[in-house]
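K.L.:
Please find one structure pasted underneath; my questions will follow.
The values are calculated or read from the model by the stated rules, or taken from the named source; none is laboratory data. Since this is a predicted model, take the numbers as computed values, not measurements. Glycine gets a Cβ as well: all are built from the backbone with ideal geometry, and neighbour counts include every protein chain shown.
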Amino acid sequence: MSGEAPGGVPAADTDRGTDTDRGTDTGRGIDADEPTWTEEEDDRTAETLAWLREKRKAHRRQKGRDLAVYLYSIVLVVAVYGSSYALHFLQRARLGAGYGGLGERVQDTLPALFTLLTAALALLAARDALWRGPVVVPAPSVGWLLAHPVRRAAVLRPWFRLSAGVSVVPALVVAAAAAVVLRVMDLAPLGGALLALLPAALCLPLLAVAVGMAVEHRAGLARLVRRFSPLAVLVLMLLAGQVAAAAYGHRIAVLEQAELWSGPWGWAAQPVVAVTGGHAPAWPVAVVLLALLAAAGLVQGNRDAARVPTTHLRRRAATAQTVSSVMYSVELRAAKLALADATGTGSTRRVRLPRPRSKYLVVVWRDLLSLLRAPARPAKALMWVVCATAAAALGMQFGGPERVICLVAALLLGYVGVGALAEPARLETDDVRRAAWSPFRFRTLMLQHAVVPAVLGALTALLAAVPFAVSGAPWALLLMPVCAVPFAAAAVFAACRGPARTHLMATGISTPMGDPGVFLFLGWYAAGPLVTVGGLGIALHKALGRGLDGGAVADVASVAAVLTAGLLTFAAWSADRLVRH
């Protein structure tokens, strides 16, 4: 007869030993995830879960109250601050639908846009499953509950069902907002738009959860996701280009029809295309196929939920706990490192470069070597620079506020692209003890880390400027590479920023908008990109207004030089402060 743990918890017979002990003693190599008991022998699932429900009752009530307060705060903020902006947007959209051709552009982009959004959702679900997934059991449950004689399905499957149910809620909200937009643009009646969007809102999130469950359960599929994620990102960029081309009237009918029937991304789009006046005569068949696929995915996901190995659950619980804790302390860098370690993105290649003879080239040599051994970083930089180029090209076709928005977006994307090349500087400041190899002072070392991002960023920007020069804007050959230099300085300054200063969030100053501490913290945290993008944006906007003559180009170059010098000075000061503390 088995005993009970302290507190009346049912416990397994002690003479059975642990899974590891049995595998070691008997020499059978029993997997630690395989139970050493049978349901006929000793099944304590019902009484164990009942005991947990009783013990967790007070905690569940408190958690429910906290969630209610959180949801109330979100609704209040959206209702107070978002209603006027939403009304203004809808009014502008209605005017655009009647006079600016906005409705026709949206109608033209629907097939490619649905394909882009659905493919992005699938990629996000697959990447999320590399470190978390639909089934993430808390660490105490993994370490204690699954060690007891309880059925794994009774513990793990509710988590899968909860993830599936929760995923539908934001999809329904987005579908309702999209239906309102379609009605305002006079593309479809409100009821018809809601009905057309309902299959996508219900089936696509469930399919995403099923994809995540498949990746979480199957190690081979997870390896394929890691390997082919860059190719998937490239496909998404091509789809974004197709959406932009369709918005300006360059549609490819054959490709759109192929996308509408190539998978769930097109099946979900067909009812919306049909209700807005597009060509999708067989949309009922597509809806049936989408519903059948979603049902099959849910059934298979429900089966897979009970088969996730305990080692995977334990690792995912630890990663989720780490990410949650560092997010509360606003240590985004620590969260990124934890995710990189969990998703396996830190793989390197064996590449060699000739060693430099001068010690002043050692840092440059090491930075180049680190980028060559991790080709994903320069690939990311190239991708963001391409996006920045597209945003800049789009802005040149507008005037007024639209051009300013596109210009700021292009500068932000350019900063992200150049910042991806400054990863060696961030690795250096993650633990300043790593700089013991360097023959230089830490501040000098960090300043030298700006050389490779600045040079490579300028070369990449020069290549991106070639289409502008060919189309009659030769000034881009100088302005775009010039912007890369202060971006590199801002990235190094951000690397030397140090731990998050959360004390800035509470200043004790009362204003009509509340405590300004949050804005002070955000200003400190994003000082590098704010100063760089703001300064370059003002200079470029004035230069575009003057017609980009020689004097305007010289003014932009001067602003870039001043920003670079100032940011590098503050980076050196921050590096000294980082070492002292």
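K.L.:
Might you check whether a residue that is of a type in the set (Gly, Ala, Ser) and surrounded by 23 or more Cβ atoms within 10 Å (Cβ to Cβ) occurs anywhere in segment 211-227?
P.N.:
Scanning segment 211-227, I find at least one residue that is of a type in the set (Gly, Ala, Ser) and surrounded by 23 or more Cβ atoms within 10 Å (Cβ to Cβ), so the answer is yes.
K.L.:
Any residue that is at pLDDT 85 or above and either outside the structural domain of SER229 (by TED's automatic domain parsing) or touching a Cys at 6+ places or on another chain (Cβ under 7 Å) (or both) - is there at least one of those in segment 280-291?
P.N.:
Yes, segment 280-291 contains a residue that is at pLDDT 85 or above and either outside the structural domain of SER229 (by TED's automatic domain parsing) or touching a Cys at 6+ places or on another chain (Cβ under 7 Å) (or both).
K.L.:
Is segment 524-535 home to any residue that is aromatic (Phe, Trp, Tyr), out of contact with any Leu (no Cβ under 7 Å at 6 or more places or on another chain) and surrounded by 15 or more Cβ atoms within 10 Å (Cβ to Cβ)?
P.N.:
yes
K.L.:
Okay, moving on. Using the structure shown, decide if LEU477 is over 20 Å from TRP573 (Cβ atoms), in the same structural domain as ASP555 (by TED's automatic domain parsing), surrounded by fewer than 18 Cβ atoms within 10 Å (Cβ to Cβ) and within 26 Å of the chain's Cα centre (by Cα).
P.N.:
no
K.L.:
Tally time: how many residues in segment 184-201 are part of a helix (DSSP H, G or I) and surrounded by 19 or more Cβ atoms within 10 Å (Cβ to Cβ)?
P.N.:
As a first pass, look at segment 184-201 and keep what is part of a helix (DSSP H, G or I): 184, 190-201.
Filter once more, keeping what is surrounded by 19 or more Cβ atoms within 10 Å (Cβ to Cβ): 184, 193-194, 196-197, 199-201.
Total satisfying the criteria: 8.
K.L.:
When segment 341-372 is examined, which residues are found to be under 26 Å from the mean Cα position of the chain (by Cα), modelled with pLDDT under 80 and not acidic (Asp, Glu)?
P.N.:
Start the filter on segment 341-372 by keeping residues that are under 26 Å from the mean Cα position of the chain (by Cα), which leaves 341-349, 367, 370-372.
Pick out the ones that are also modelled with pLDDT under 80 and you get 341-349.
Hits for segment 341-372 are ALA342, THR343, GLY344, THR345, GLY346, SER347, THR348, ARG349.
K.L.:
Follow-up question, since we're still on this one. Return the residues of segment 300-323 that are of a type in the set (A, V, I, L, M) and outside any helix (DSSP H, G or I); say none if nothing qualifies.
P.N.:
Of everything in segment 300-323, those that are of a type in the set (A, V, I, L, M) and outside any helix (DSSP H, G or I) turn out to be ALA306, VAL308.
K.L.:
Just to verify a result, which residue in segment 101-127, among those that are closer than 18 Å to CYS203 by Cα and among the β-branched types (Val, Ile, Thr), is surrounded by the fewest Cβ atoms within 10 Å (Cβ to Cβ)?
P.N.:
Checking each candidate, the answer is THR118.
K.L.:
Since PRO512 meets every condition but one in (1) in contact with a helix residue (DSSP H, G or I) (Cβ under 9 Å, 6 or more places away or on another chain); (2) at pLDDT below 75, which condition does it not meet?
P.N.:
(1)
K.L.:
Moving on. From the list PRO134, PRO140, PRO158, which one is at negative phi and not in a helix (DSSP H, G or I)?
P.N.:
Residue meeting the stated conditions: PRO134.
K.L.:
Moving to a separate point now. Somewhere in segment 432-450, is a residue under 17 Å from VAL533 (Cβ atoms), surrounded by 17 or more Cβ atoms within 10 Å (Cβ to Cβ), at pLDDT 85 or above and in contact with a Phe, Trp or Tyr (Cβ under 8 Å, 6 or more places away or on another chain)?
P.N.:
Residues of segment 432-450 that are under 17 Å from VAL533 (Cβ atoms), as a first pass: none.
Within segment 432-450 (the criterion being under 17 Å from VAL533 (Cβ atoms), surrounded by 17 or more Cβ atoms within 10 Å (Cβ to Cβ), at pLDDT 85 or above and in contact with a Phe, Trp or Tyr (Cβ under 8 Å, 6 or more places away or on another chain)), the answer is no, since none of the residues qualifies.
K.L.:
Now, a different point. From the residues in segment 263-294 that are under 26 Å from the mean Cα position of the chain (by Cα) and not hydrophobic (A, V, I, L, M, F, W, C), which one is farthest from LEU197 (Cα to Cα)?
P.N.:
This residue is GLY263.
K.L.:
Working only within segment 303-321, note down all residues that are surrounded by fewer than 17 Cβ atoms within 10 Å (Cβ to Cβ) and modelled with pLDDT of 90 or more.
P.N.:
Matches in segment 303-321: ARG303 only.
K.L.:
Which numbered condition in (1) more than 22 Å from the chain's Cα centre (by Cα); (2) in contact (Cβ under 8 Å) with a residue 60 or more places away in the chain is the only one that ILE252 fails?
P.N.:
(2)
K.L.:
Given (1) closer than 19 Å to LEU206 by Cα; (2) assigned to a helix (DSSP H, G or I); (3) in contact (Cβ under 8 Å) with a residue 24 or more places away in the chain, where does VAL166 come up short, assuming only one miss?
P.N.:
It is condition (3) that VAL166 fails.
K.L.:
Do you know which residues across segment 410-467 are more than 27 Å from VAL386 (Cα to Cα) and either among the β-branched types (Val, Ile, Thr) or in contact with a His (Cβ under 6 Å, 6 or more places away or on another chain) (or both)?
P.N.:
Within segment 410-467, THR429, VAL432, THR444 qualify.
A quick yes/no check of all residues on (1) of a type in the set (S, T, N, Q); (2) touching a residue at least 40 places away in the same chain (Cβ under 8 Å); (3) closer than 22 Å to ALA469 by Cα:
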residue: PRO499; (1), (2), (3): no, yes, no
residue: PRO516; (1), (2), (3): no, no, no
residue: TRP524; (1), (2), (3): no, no, no
residue: PRO529; (1), (2), (3): no, yes, no
residue: LEU544; (1), (2), (3): no, yes, yes
residue: ASP555; (1), (2), (3): no, no, yes
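K.L.:
In segment 248-264, what residues are among the hydrophobic types (A, V, I, L, M, F, W, C) and within 11 Å of LEU110 (Cα to Cα)?
P.N.:
If the condition is that a residue be among the hydrophobic types (A, V, I, L, M, F, W, C) and within 11 Å of LEU110 (Cα to Cα), then LEU260 is the only one that fits.
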